[in-house]
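Reviewing the structure listed below.
Derivation of every value follows stated rules applied to the coordinates shown; laboratory data play no part. Keep in mind it's a predicted model, so treat the numbers as computed, not measured. Using ideal geometry, Cβ is built from the backbone for each residue, glycine included, and neighbour counts are taken over all protein chains shown.
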Amino acid sequence: MKLDKIMIVDDSATSRMIIKRCFQMAGYQDSTFIEAEDGLKALSNLNRNTVDLVVTDLNMPKMDGATFIKKLRLIDKTKQLPVLIISSMGNERLETELEEKDVMGILRKPMTPEKVTEVLGE
Amino acid sequence: MREVTKEQAKTALLRATQHTLGEMAFIDVIETEEKVAFETGQLLFIEFYKPVRGRLMLALPLEIKREIVENIHASDWEDLSVNEIDDCLLELLNVLGGNFLRELEQKDVKVHLSFPTVLFSLEEIPDLESFWKFSFDAEGNPFTTSLALHEEEE
């Protein structure tokens, strides 16, 4: 899967760094990474930028991952944007609901390059 | 809440700690008899609500804290800010909490955790005596993980 621009949304700078490193180790070393620390900042950034994939955490202050994805699906520009959830927590009802909104997958932390390859392919 | 014995909790916590520190910081962890004072090192705290209710606390002496942070960041301790160090340790506890609950349930169960926090004093924690204390060793550096499980509210 070709990904020129990847947006990483997570309130932890450490987590964003690990996710970015895992994507680079999985073969996406030439991709450009855009970071946001919550759903609000990610939405604002997506108004100005176009990305090929959004990787988001669920448990974030200000605007959580579930609300962020729901809002993405209401905007024409991001309606079809591929989204991957990476989280240490979850909720069965919420995850079922999110899977119905065309989320590519839900990965558990800690993130590894192998998990990226598993979801996106070689 | 199903009954969780201290031995089951210790096994799940050891596996989760091995998995988390191994994958995030490339550090091997084993059980140890060596006791580390509860008050030693930086205290990190998280609560969990599903599939069981409880609290998890990590007391990390400087040596292991430094090794974890340097390995995760692939940077020297001196080059990292206090915010970067705290964020790194909190993210570690967040992942450890999720892994512990999945190890306890022996499956990819859905979990619900609070935001992790740094504690400045043990006095911030009520019912400290209800915590089980487990000592682990990370490549020669002992540290303490403490756990309290609670009955579900009616």
* To do: Calculate how steeply helix B:82-105 sits against the longest principal axis of the alpha-carbon atoms of chain B, using the helix alpha-carbon long axis, and give the answer as 0 to 90 degrees to the nearest 10.
  => 30
* Asked: So if R0 is 41 Å, what FRET efficiency would A:T117 and B:K6 give, r being the distance between their Cβ atoms, rounded to the nearest 0.05?
  -> 0.60
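Give the Kirkwood hydrodynamic radius (Å, one decimal) of the protein assembly as shown, defined as one over the mean of 1/r across all pairs of different Cα atoms. Each step should come with its number before you reach the end.
Values: mean 1/r = 0.0514 Å⁻¹.
Roughly 19.5 Å, rounded to one decimal.
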* **Shielding by partners, peptide B:66-75 (average Cβ within 10 angstrom, other chains)** => 1
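Can you tell me the FRET efficiency between B:L62 and A:S44 if r is taken as the Cβ-Cβ distance and R0 is 51 Å, rounded to the nearest 0.05? Intermediate values should be presented prior to the final figure.
Values: r = 39 Å, r/R0 = 0.77.
So, using R0 = 51 Å, E works out to roughly 0.85.
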* Structure fact -> Within the set B:D137, B:D86, B:D76, GNM on chain B using Cα springs under 10 Å gives the largest fluctuation to B:D76
* Asked: Roughly how crowded by other chains is peptide A:62-71, in terms of the mean Cβ count from those chains within 10 Å of each of its Cβ atoms?
  -> 0
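Applying 1/(1 + (r/R0)^6) with R0 = 45 Å to the Cβ-Cβ distance of A:I75 and B:H150, what FRET efficiency is obtained, to the nearest 0.05? Numbers along the way, then the final one.
Values: r = 42 Å, r/R0 = 0.93.
My answer for the efficiency is 0.60.
How large is Rg over Rh for chain B, taking Rg from the Cα atoms and Rh as the Kirkwood inverse mean of 1/r across Cα pairs?
Working: Rg = 14.8 Å, Rh = 15.6 Å.
Radius of gyration over Kirkwood radius for chain B works out to 0.94.
Would you mind giving the mean number of other chain beta-carbons within 10 Å of the Cβ of each residue in B:87-98, as a whole number?
Working: counts 7, 6, 1, 4, 12, 5, 1, 9, 11, 3, 2, 8.
Mean number of neighbouring Cβ atoms from other chains: 6.
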* To do: Any chance you could give the angle, 0 to 90 degrees and rounded to 10, that helix B:62-73 forms with the longest Cα principal axis of chain B?
  => 80
* In segment B:1-107, which chymotrypsin sites (Phe, Trp or Tyr not before Pro) are in a loop and have at most 13 other Cβ atoms within 10 Å, using DSSP for the loop call? -> B:F26
* How much length, in nm to one decimal, is gained on full extension between B:L122 and B:K50, taken as 0.36 nm per residue of separation minus their Cα-Cα distance? -> 23.5 nm
* To do: Could you let me know the centre-to-centre spacing of segment A:1-50 and segment B:95-154, using Cα atoms, in angstrom?
  => 30
* Structure fact -> Amide H proximity to A:E35 below 5 Å, modelled H, separation 5+ or other chain, gives A:I8
* Structure fact -> Residues whose built amide H sits under 5 Å from the amide H of B:L119, excluding neighbours closer than 5 in sequence, are B:L43, B:L44, B:F45
* Rounded, prolate or oblate (a/c below 1.5 giving rounded, otherwise prolate when a/b exceeds b/c) for segment A:14-66 by Cα gyration tensor -> oblate
* Provide the per-residue ³J(HN,Hα) series for segment B:21-27, in order, calculated from phi with Karplus coefficients 6.51, -1.76, 1.60 and θ = phi - 60°, each as a whole number of Hz, with x at glycine and proline positions. => 5, x, 7, 8, 10, 6, 10
* Given the options B:V95, B:V82, B:V109, which has the most mean-square fluctuation in a GNM of chain B, springs set between C-alpha atoms less than 10 angstrom apart? -> B:V82
